[in-house]
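I have placed the structure first, in the form of structure tokens, so that the comments after it can refer back to it.
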Amino acid sequence: MLRWVEKGQWRVTAVEEWILFVLIGLLAGTFGSLAGLGGGVIAVPSLLLMAALFPEYRHLTPQVVVGTSLVMIVLTALSSTLTYARQRRVDYRSGLLFFAASGPGAATGAYLNRFFEPDSFYIAFGLFLIFVSIVLTVGERGKERPVKWSVTREFTDPDGTVHRYGYHRPTALAVAFLVGMVSSLFGIGGGALMVPVMVFLFRFPPHVATATSMFMIFFSSVIGSLGHVAQGNVEWKAALFLAPGAWFGGRLGAWISSRLSSRGLLVALRLALLLVAVRMIWEGLS
């Protein structure tokens, strides 16, 4: 059982330690896969809380937490992408194009992590995500605009409904670079920005947006993880304990997503964005 050892500190047994990490990985993987966010929004604050409560994890600095979270996101994204691929919801061509910019962005974010003073940016980023959530709500109620971009794509629902969407390559590359950098810098997976952009700006069907986001996040999180590994910012014991939960959570989130309507998935995305926003603002103020 959890044992109180001193003011503000607890000590855990080896079994309890493993269970806590598996549960964190499962929750982060499920939530991240469902909304296409990656799972860092759950893993990062959970690991920081463990560092504050348990003396065994006092060495988990924010940089190490972010690096460890990215290793977990690699497993979450791979697991969910394999499930989404079987559901034929991944737009591989678009995902690879986005990764062409998000990969260098992730490497840039991993490098900048050591220099960044995040407090003011956390607050601004949190407020921005609240704005994005509002924009998604307004956009959902508006009329669908015709696709006029340089790349046009189609997706057919299981019920036979055809969805047409597209994007402007330079804009998509610029956004993907920013997403990769933010994901690596803060360990949040990147989908907090990429999925809303794909749904609202590029008119991706929500199911395709979440699946393609996880496909892209897999590659960008690999790049970001390697950058953090090179800097020694990964707690491998924690990553190993997170792995089983992250793997099964990624599959579970993709399974739940397949059973939600597009509207239901957008509701889940908006709630996810608000959760990310609250976490960012809280960290900026603390």
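The values are calculated or read from the model by the stated rules, or taken from the named source; none is laboratory data. Every value quoted in this text rests on a predicted model; they were computed, and no experiment measured them. Note: ideal-geometry Cβ built from the backbone for every residue, glycine included; neighbour counts use all protein chains shown. Ligands, DNA and RNA are excluded from the accessible area calculation, which covers all protein heavy atoms including side chains. Shrake-Rupley method; radii C 1.70, N 1.55, O 1.52, S 1.80 Å.
Checked against (1) crowded, with 24+ Cβ neighbours inside 10 Å; (2) in contact with a Lys or Arg (Cβ under 8 Å, 6 or more places away or on another chain), residue 66 meets all criteria but (2). Applying the criterion of being more than 11 Å from the chain's Cα centre (by Cα) and within 24 Å of residue 231 (Cβ to Cβ) to the residues of the stretch 16-43, the residue that is most open to solvent (accessible area, probe 1.4 Å) is 24.
The requirement of being of a type in the set (Gly, Ala, Ser) and open to solvent by 10 Å² or more (accessible area, probe 1.4 Å) is satisfied by residue 52. Taken together, the criteria exclude residue 106 from residues that are surrounded by 12 or more Cβ atoms within 10 Å (Cβ to Cβ), small (Gly, Ala, Ser), in a helix (DSSP H, G or I) and modelled with pLDDT under 75. Within the stretch 156-175, restricting attention to residues that are at pLDDT 85 or above and of a type in the set (Gly, Ala, Ser), the residue that is nearest to residue 199 (Cα to Cα) is 166. Being crowded, with 24+ Cβ neighbours inside 10 Å, in contact (Cβ under 8 Å) with a residue 60 or more places away in the chain and among the small types (Gly, Ala, Ser) holds for only one residue in 284, 250, and it is 250.
Considering (1) assigned to a helix (DSSP H, G or I); (2) at pLDDT 80 or above; (3) surrounded by fewer than 24 Cβ atoms within 10 Å (Cβ to Cβ), the lone condition that residue 76 does not fulfil carries the number (3). Pull up the stretch 222-241, narrow it to residues that are small (Gly, Ala, Ser) and open to solvent by 40 Å² or more (accessible area, probe 1.4 Å), then point me to the one that is farthest from residue 59 (Cα to Cα). Out of the qualifying residues, it is 230. Contact annotation: residue pairs with Cβ atoms under 7 Å, 6 or more positions apart or on different chains, pairing a residue in the stretch 228-245 that is farther than 22 Å from residue 105 by Cβ with a partner that is of a type in the set (Phe, Trp, Tyr) and open to solvent by less than 40 Å² (accessible area, probe 1.4 Å), are 238/21; 241/21; 242/21.
Within the stretch 198-215, the residues that satisfy the criterion of being among the hydrophobic types (A, V, I, L, M, F, W, C) and either open to solvent by 30 Å² or more (accessible area, probe 1.4 Å) or under 12 Å from residue 37 (Cβ atoms) (or both) are 200, 201, 209, 214. Among residues of the stretch 161-173 that are hydroxyl-bearing (Ser, Thr, Tyr), those with a Cβ under 9 angstrom from a residue that is in a helix (DSSP H, G or I) and open to solvent by 50 Å² or more (accessible area, probe 1.4 Å), sequence gap 6+ or separate chain, pair up as 167/201; 171/201.
Against the conditions (1) touching a Phe, Trp or Tyr at 6+ places or on another chain (Cβ under 7 Å); (2) modelled with pLDDT under 75; (3) of a type in the set (D, E, K, R), residue 153 satisfies every one except (2).
Of all residues in the stretch 154-186, those satisfying the criterion of being outside any helix (DSSP H, G or I) and either more than 28 Å from residue 40 (Cβ to Cβ) or open to solvent by 50 Å² or more (accessible area, probe 1.4 Å) (or both) are 154, 156, 157, 158, 159, 160, 161, 162, 163, 164, 166, 168.
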